[in-house]
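Below: the structure, in structure tokens.
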Amino acid sequence: MKKILTIVVMIAMSILTTQAQWTSEPSGFSVTPLQRGIIEMVAVNANNAWAMSYLRGANLTVPLNEITRTVDGGNTWNPLYIGGIPNDVVLGIAPVSSSTCYAISWDIVNYTGGRILKTADGGSNWSTISDTATMFAGGFPDNIAFFDANNGVANGDPNGGYHEIYTTSNAGATWTRVQQANIPAMLENEYGIDFSMCTVNNTVWFETILGDYSLSRIFKSYDKGLHWVAYTNAITGIVTNGVSIKMRDQNHGLLKTSTPTSADLFRTSDGGITWTHVNPSGNFFAFDLAFVHGTTETWVSTGGEPNNSNGIGSSYSTDDGNTWTTIDTG
């Protein structure tokens, strides 16, 4: 399913204080002929992070295979171009070290399906490691994540009558589709959604939506993607063009939804089975969330488009999302 990609991911790489601020650094992406933005950023450790670009306002209309990375804690960023996929748009990245990163892409020109790619040399060379004749063939890939250097999971829209999910236990050398019996039956007009996967230890979550962009269910696996359950709860039915689930541990997490005119924040304390609506005070920016590791209840929120419901900027919360302190609005 062709989806609107509106989620901007920002990762906090240090613990925030009331004097927190951001320093602007160039990504290295070209701004011509179309302006780029950052749509996903993943930090491997304090020094190494990877990020991918999107074309502002384009929303899945042209191929795009640009990634940027830092090896010095964000002081400098070096752009990379994934070769061999001239018809693809990159939909997600999953770095596991400073040199190894996985990516998932979709053929936006011919609509023939998707692929999984891997680099082991810091992004200089990439190779397709999925069987494109079977994996995501005629389908739409949504997310990819790795639990460690060897174990990973990737999911896509339903394909062949059930949700398309694959796992690997040998660093992507082989991928096995999860059996239909291990996945809840698909609902009518149910699809996956990009940038919606979150992992904690061996547990993984992702959301689904219906054809009208209303939230459907939260899928969860306790065993690295081998078996799945699906939950319906208070967020079901909310129409959104941007959704993100982020868990700070096995049980506690936040979920945000957003449209150009509205934004909502929800909290779970039972691992995503049920969610409670949060009425935050202060500036909660609705593009995406990140938990600050090493803290107890500190989160960062970001907003990256002027027409987003809560605007451009960033803020942080030290009380699990109840109150937010603005970092910037620029």
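The values are calculated or read from the model by the stated rules, or taken from the named source; none is laboratory data. Values in this document were obtained by computation on a predicted structure and should not be read as measured data. For neighbour counting, all protein chains shown are included, and Cβ atoms are generated from backbone atoms with ideal geometry for every residue, glycine included.
Close Cβ contacts (under 6 Å, 6 or more residues apart or on different chains) running from residues in the range 158-171 that are more than 17 Å from N202 (Cβ to Cβ) to residues that are in a strand (DSSP E or B) and not hydroxyl-bearing (S, T, Y) comprise E164/G156.
Somewhere in the range 90-107, is a residue in contact with a Phe, Trp or Tyr (Cβ under 8 Å, 6 or more places away or on another chain), among the acidic types (D, E) and surrounded by 14 or more Cβ atoms within 10 Å (Cβ to Cβ)?
Let us first name the residues in the range 90-107 that are in contact with a Phe, Trp or Tyr (Cβ under 8 Å, 6 or more places away or on another chain), namely 91-96, 101-103, 106.
Applying the additional criterion that residues be among the acidic types (D, E) yields none.
Scanning the range 90-107 turns up no residue that is in contact with a Phe, Trp or Tyr (Cβ under 8 Å, 6 or more places away or on another chain), among the acidic types (D, E) and surrounded by 14 or more Cβ atoms within 10 Å (Cβ to Cβ).
Among the candidates N150, N125, N170, N110, the residue that is modelled with pLDDT under 95 and in a loop (DSSP other than H, G, I, E, B) is uniquely N110.
Yes or no, residue by residue, for (1) among the hydroxyl-bearing types (S, T, Y); (2) under 26 Å from T68 (Cβ atoms); (3) surrounded by 20 or more Cβ atoms within 10 Å (Cβ to Cβ):
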position: M135; (1), (2), (3): no, no, yes
position: D148; (1), (2), (3): no, yes, no
position: P158; (1), (2), (3): no, no, yes
position: G192; (1), (2), (3): no, yes, yes
position: M197; (1), (2), (3): no, yes, yes
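Considering the range 1-26, and only residues there that are buried (at least 18 other Cβ atoms within 10 Å of the Cβ) and of a type outside the set (A, V, I, L, M, F, W, C), the residue that is modelled with the lowest pLDDT turns out to be T6. Here I165 clears all of (1) outside any strand (DSSP E or B); (2) touching a helix residue (DSSP H, G or I) at 6+ places or on another chain (Cβ under 9 Å) except the condition numbered (1). Listed conditions (1) more than 19 Å from F29 (Cα to Cα); (2) part of a loop (DSSP other than H, G, I, E, B) are all met by Y102, apart from (2).
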